[in-house]
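Visitor: For reference, the structure I am asking about is given below.
The values are calculated or read from the model by the stated rules, or taken from the named source; none is laboratory data. If you're wondering where the values come from, they're calculated on a predicted model, not measured in any experiment. Here Cβ is always computed from backbone atoms with ideal geometry, including for glycine, and neighbour counts include all displayed protein chains. Only protein heavy atoms, including side chains, enter the accessible area calculation; ligands, DNA and RNA are left aside. Shrake-Rupley method; radii C 1.70, N 1.55, O 1.52, S 1.80 Å.
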Amino acid sequence: MNLLKEIITFNEKFVEEEEYVRYATDKFPDKKLLILSCMDTRLVELLPKSMNLKNGDVKFVKTAGATVSHPFGSVMRSMLVAVYELKTDEIFVVGHHDCGMAAINADVMIEEMKERDITSETLSTIENSGIDVKKWLRGFDDVSESVKNSVNIIKNHPLMPTGIAVHGLVIAPDTGKLDVIVDGYIDLHK
């Protein structure tokens, strides 16, 4: 069975048996919280459980490495929508140890793109449009520094209102232990 068919078959039963009822909530996060985390598969259930979060408590935004790579990209836009439209008043950036973004080699990825039918002409067009593909694809060397960088972009964004606590944490993907890198409350009281 293909994955799409497997999912749709399960979903039909899920809806028919009204399994959705136990997840009912509204669009406003109960804890007025947004979490930017990595898309790592180990965090899908571990991260919310390690933070005592349930369905309806939080808005989640996931990126490779829990990074804000552009201050006016869709990640930042999502955060601003959460703050202004969805009653969010705290943001947690949660990176993790053993992150794949720390091992990203842009040159290797570009070669893999070429092996999967992305032409050198396409890459050249992108470069000639002002995009440094290698820079855009690069990861980071230190997860704590990466978290601090994302926190700073969010906290200092010209459209982010004052009074929003922006925290930075790093989680261990094997145990769920959280380490505070940036306490956003301290910045609020300066």
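Visitor: Give me the percent relative contact order of region 1-105, please, defined on Cα pairs under 8 angstrom at least 6 residues apart. Please list the in-between numbers first.
Guide: Values: 112 pairs, mean separation 35.8, N = 105.
Computed over region 1-105, the figure is 34 percent.
Visitor: At 7 Å along the Cα-to-beta-carbon direction for both Ser144 and Leu178, put a label point, then send me their distance in nm to one decimal.
Guide: Placing both labels 7 Å along Cα→Cβ, they lie 1.8 nm apart.
Visitor: Here is a further query. Note down the relative contact order for the chain as a percent, whole number, built from C-alpha pairs under 8 angstrom at least six residues apart.
Guide: Details: 267 pairs, mean separation 43.6, N = 190.
Contact order relative to length: 23 percent.
Visitor: Given the pairs Lys31/Lys135; Lys13/Lys49; Lys13/Lys62; Lys27/Lys54, which are separated by over 24 angstrom at their Cα positions? Write down the numbers at each step before the final one.
Guide: Details: Lys31/Lys135 36 Å; Lys13/Lys49 26 Å; Lys13/Lys62 28 Å; Lys27/Lys54 14 Å.
Check vs 24 Å cut-off fails for Lys31/Lys135; Lys13/Lys49; Lys13/Lys62.
Visitor: Accessible area per residue, 1.4 Å probe, Å², for the chain: what's the number? Before the final figure, lay out each step's value.
Guide: Numbers: 12260 Å² over 190 residues.
Heavy-atom accessible area per residue stands at 65 Å².
Visitor: Which cross-chain or sequence-distant (5 or more) residues have an amide H under 5 Å from the amide H of Ile104, H modelled 1.01 Å from N in plane?
Guide: Correct list: Gly139, Phe140.
Visitor: Across every pair of different alpha-carbon atoms, what Kirkwood hydrodynamic radius in Å does region 14-124 reach? Before the final figure, lay out each step's value.
Guide: Details: mean 1/r = 0.0606 Å⁻¹.
Its Kirkwood hydrodynamic radius stands at 16.5 Å.
Visitor: Would you work out the Kirkwood radius for the chain? I mean one over the mean of 1/r across all pairs of different Cα atoms, in Å.
Guide: Values: mean 1/r = 0.0535 Å⁻¹.
In the chain this quantity evaluates to 18.7 Å.
Visitor: Moving on to the next point. Within the set of other residues whose C-beta is less than 13 Å from the C-beta of Leu169, count the net charge using Lys and Arg as +1 and Asp and Glu as -1. If you can, show how the numbers build up before the last one.
Guide: Working: positive: Lys148, Lys177; negative: Glu90, Asp179, Asp183.
Once positives and negatives cancel, what remains is -1.
Visitor: Note down the magnitude of the dipole of the chain about its Cα centre, charges +1 on Lys and Arg C-beta and -1 on Asp and Glu C-beta and zero elsewhere, to the nearest 20 debye.
Guide: Working: 22 positive and 30 negative charges, 126 e Å.
Result for the chain is approximately 600 debye, rounded to the nearest 20.
Visitor: Can you work out the FRET efficiency for the pair Asp107 and Tyr84, with r the C-beta to C-beta distance and R0 = 25 Å, to the nearest 0.05? Write out the running numbers ahead of the final one.
Guide: Working: r = 40 Å, r/R0 = 1.60.
Computed FRET efficiency for Asp107 and Tyr84: 0.05.
Visitor: In region 133-190, what is the volume of the convex hull around the alpha carbon atoms, normalised per residue and reported in Å³? Please list the in-between numbers first.
Guide: Numbers: hull volume 6.3 nm³, N = 58.
So the per-residue hull volume is 108 Å³.
Visitor: Same structure, new question: Once you order the gyration tensor axes a ≥ b ≥ c over the Cα atoms, which shape class does region 1-72 get: rounded for a/c under 1.5, otherwise prolate or oblate by comparing a/b with b/c?
Guide: Details: a/c = 2.22, a/b = 1.40, b/c = 1.58.
Cα axes put region 1-72 in the oblate bin.
Visitor: Tell me, what % of the accessible area of the chain is carbon and sulfur with a 1.4 angstrom probe?
Guide: Numbers: 6540 of 12260 Å².
That share works out to 53 percent.
Visitor: So, one more: Which residues' amide hydrogens lie under 5 Å from the amide hydrogen of Val61, considering only partners 5 or more residues apart or on another chain, with H built in the peptide plane?
Guide: It is Ile35, Leu36, Ser37, by chain and number.
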